[in-house]
Amino acid sequence: MGFGAWVELIASGVITGGVYALVALGLNLQYGLMRILNVAHGEFLMLGAFVTWTAITLLQISPLWMLPVSFALMMALGLLVHRLVFRRLTRTSPNLDVFEARGLMVCFGLMFLVQNFAQLAWGGDLRGYDYRSEPVAIGGAQFAANKLLLLALALLISAALIAWLRLTLVGKAVRALMQSPTGAQLVGIDTERLHPLMFGIGLGLSGVAGCLLSMAYTISPSMGEPYTVTALIVITLGGFGSMTGSLVGGLALGVIEAVGTELTSPSLKALLSYSVFIAVLLWRPSGLFKR
């Protein structure tokens, strides 16, 4: 492979990793803050993608206009799910271990519910649309314009979330709850408001990721589950509760998959991801960026 081919290969991994990071950030907010292992997280990514495809097909608008719409719709749905399900689980579970187990079972049911709803509403066929697919030459390498835009927006949104968590009062309260829930409540942080808000923002980010993915890839009702698994690998790599770790871990995993499949075989992509997952669990179970 020439230098240009290597640049394209690594860049493709970074583009994929940007989406991984965005999905992992939302899931990390939910588990790091509330201990909700939302295995249905990717299904809301899929809903965001289909909502975007439907709007573009019917209204012929730019998918960029659907970014805030997808975020708002998935966030509202997240607030509703939390109010109907997880708030009651919090009150009825005798301890955190029981809450985690019950929440995991509920999320499995939610995953199948959303999948079947999507198949009923949109069918099982692959869907897609053409948006800025023309090639762009950068330094002797060529990239599709929509994928470069996808990467730029994913990194921008991820960086904005991390900055918001670091610089705002609400963000500092969220980080305090992640570090010590008991200590945060003792100093007056209102978990009754923060928990549903962060759950909603987490699902909103998955909706944004789905909107971005629809610009460059085909979509289907079964597309969400692999992204949930990948997000779990990313937050294990970066550390539960570490937002910066999710960003760096997502980008790193995307590059590892791209280079690994090029040197071996595309059919080994899942094997590479799980190998990284197992290696991190054995070598540094708290994650590479968890302090």
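The values are calculated or read from the model by the stated rules, or taken from the named source; none is laboratory data. Here the structure is a predicted model, which means the values were calculated and not measured. In this analysis, Cβ positions are derived from the backbone assuming ideal geometry, glycine residues included, and neighbour counts consider all displayed protein chains. All accessible areas refer to the heavy atoms of the entire protein, side chains included, with ligands and DNA or RNA removed. Shrake-Rupley method; radii C 1.70, N 1.55, O 1.52, S 1.80 Å.
Starting from the Cα of W6, step 7 Å toward the Cβ, then list every residue of region 254-274 with an amide N under 19 Å from that point.
So the set is 254-265.
Which of rounded, prolate or oblate describes region 101-167 when judged by the alpha-carbon gyration tensor and an a/c cut-off of 1.5?
It comes out oblate by the Cα gyration axes.
Give me the angle, in degrees from 0 to 90, between the Cα long axis of helix 96-122 and the longest principal axis of the Cα atoms of the chain, rounded to the nearest 10.
40 degrees
Give me the 1.4 Å probe accessible area per residue for the chain, excluding ligands and nucleic acids, in Å².
For the chain, the solvent-accessible area averages 47 Å² per residue.
Going by amide H atoms built from the backbone, whose H comes under 5 Å of the H on V136, apart from near neighbours?
F143, A144, A145
Using a basic spin-label model with each label point 7 Å from the Cα along Cα→Cβ, how many nm lie between T264 and A163?
With each label point 7 Å from Cα toward Cβ, the separation is 3.8 nm.
Project the alpha carbons of region 132-207 onto their principal axes and report the range along each, largest first, in whole Å.
57, 22, 16
Go through 199-209, 136-146, 8-18 and give me the packing order, highest mean Cβ count within 10 Å leading.
Descending packing order for the listed peptides: 199-209, 8-18, 136-146.
Just order 30-39, 109-118 by mean Cβ neighbour count inside 10 Å, highest at the front, would you?
Result, highest mean Cβ count within 10 Å first: 30-39, 109-118.
Ordering H195, H82 by how much accessible area each has at a 1.4 Å probe, largest first, what is the list?
H195, H82
Rounded to whole Å, give me the distance from the Cα center of region 23-51 to that of region 157-180.
Centre-to-centre distance over Cα atoms comes out at 17 Å.
Rounding to the nearest 10 and keeping the result within 0 to 90°, find how far the Cα-based axis of helix 269-283 lies from the longest principal axis of the chain.
Helix 269-283 and the main axis of the chain meet at about 40 degrees.
Quick check: from the Cα gyration tensor, does region 79-212 come out rounded (a/c under 1.5), prolate or oblate?
oblate
Nearest 10 degrees is fine. How inclined is helix 41-59 to the longest principal axis of the chain, computing both from alpha carbons?
Tilt of helix 41-59: around 60 degrees.
Assign unit charges at the C-beta atoms only (+1 for Lys and Arg, -1 for Asp and Glu), then state the dipole size of the chain relative to its Cα centre in Debye, rounded to the nearest 20.
900 debye
Comparing A163, A121, A258, which has the greatest mean-square fluctuation in the GNM of the chain with Cα pairs linked when under 10 Å apart?
Comparing A163, A121, A258 in a Gaussian network model of the chain, the most mobile one is A121.
Out of (i) 67, 51, 34; (ii) 54, 47, 42; (iii) 58, 47, 35, which label holds the value of Cα extents along the principal axes in Å that was computed here?
Given (i) 67, 51, 34; (ii) 54, 47, 42; (iii) 58, 47, 35, the calculated one carries the label (iii).
Which of rounded, prolate, oblate describes region 197-291, given a ≥ b ≥ c as roots of the alpha-carbon gyration tensor eigenvalues and a/c under 1.5 marking rounded, otherwise prolate only if a/b is larger than b/c?
Because a/c hits 1.5 or more and a/b fails to exceed b/c, region 197-291 counts as oblate.
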